[in-house]
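> Got a structure here, written out as structure tokens. Questions coming.
Bear in mind that the values in this text are calculations on the coordinates, not laboratory data. Quick caveat, the model's predicted, so the values are computed rather than measured. All Cβ positions, even for glycine, are placed from backbone atoms using ideal geometry, and neighbour counts span all protein chains on display.
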């Protein structure tokens, strides 16, 4: 009877693991925002070395792309001003897209400045930070960016 009660008690025990919650947040010209929909990460074996992170909130959306040209994206800093890969950081507000990028064949740049730091990358998630200043007639400053996104 003691064995049965022990088994019953242990089988009803709650898991210590908390469910993973993705986040993608930053400040746009000093005003904090957090994406509450469309948070997604695209990293596919079809095109090696591609990482795209997207998210939306009530005023717009944000999109960060790194195309490294090698077999996979690694932990490290990807700097727009000193890039050896294609990097694109864009924020869209009221249907107007502001961007900072480097590495496009037709217009290699750099255009704008900033960096994306990949802090952790596993088969299940990607975690990092980012900041960038767009190169537009009215530049936008995206600061204090952070993301931790579950891969699907």
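> How far apart, in nanometres, would the label points at residue 120 and residue 84 be if each is projected 7 angstrom from Cα along the Cα-to-Cβ direction?
Rounded to a tenth, the inter-label distance reads 2.7 nm.
> Counting pairs of alpha carbon atoms under 8 Å apart in space and at least six apart in sequence, what relative contact order in percent does region 22-150 give? Each step should come with its number before you reach the end.
On the way: 343 pairs, mean separation 31.3, N = 129.
Normalised by residue count, the contact order of region 22-150 is 24 percent.
> If you don't mind, another one. Using Cβ counts within 10 Å as a stand-in for footprinting exposure, how do 131, 85 rank, fewest first? Intermediate results must be reported in sequence, preceding the final value.
Working: 131 19, 85 16.
Listing 131, 85 from fewest to most nearby Cβ atoms yields 85, 131.
> Cut-off is 10 Å between beta-carbons; in what order do 20, 147, 33, 132 appear when sorted fewest neighbours first? Display every interim value, and only then the final one.
On the way: 20 10, 147 25, 33 19, 132 29.
The fewest-first ordering by Cβ neighbours comes to 20, 33, 147, 132.
> At 0.36 nm per residue, minus the direct Cα-Cα distance, what do residue 77 and residue 20 gain on full extension? Give it in nm, one decimal, please.
Working: separation 57, 0.36 × 57 = 20.52 nm, distance 2.45 nm.
18.1 nm is the gain from fully extending residue 77 to residue 20.
> Next up: At q = 0.10, 0.11, 0.16, 0.19 Å⁻¹, what base-10 log of I(q)/I(0) does the Debye formula yield for region 22-150 when every alpha carbon is treated as an equal point scatterer in vacuo?
-0.28, -0.34, -0.73, -1.05
> Using a 10 Å cut-off around each Cβ, can you sort 133, 122 from fewest to most neighbouring Cβ atoms? Intermediate values should be presented prior to the final figure.
Details: 133 17, 122 8.
With the sparsest Cβ surroundings first, the list reads 122, 133.
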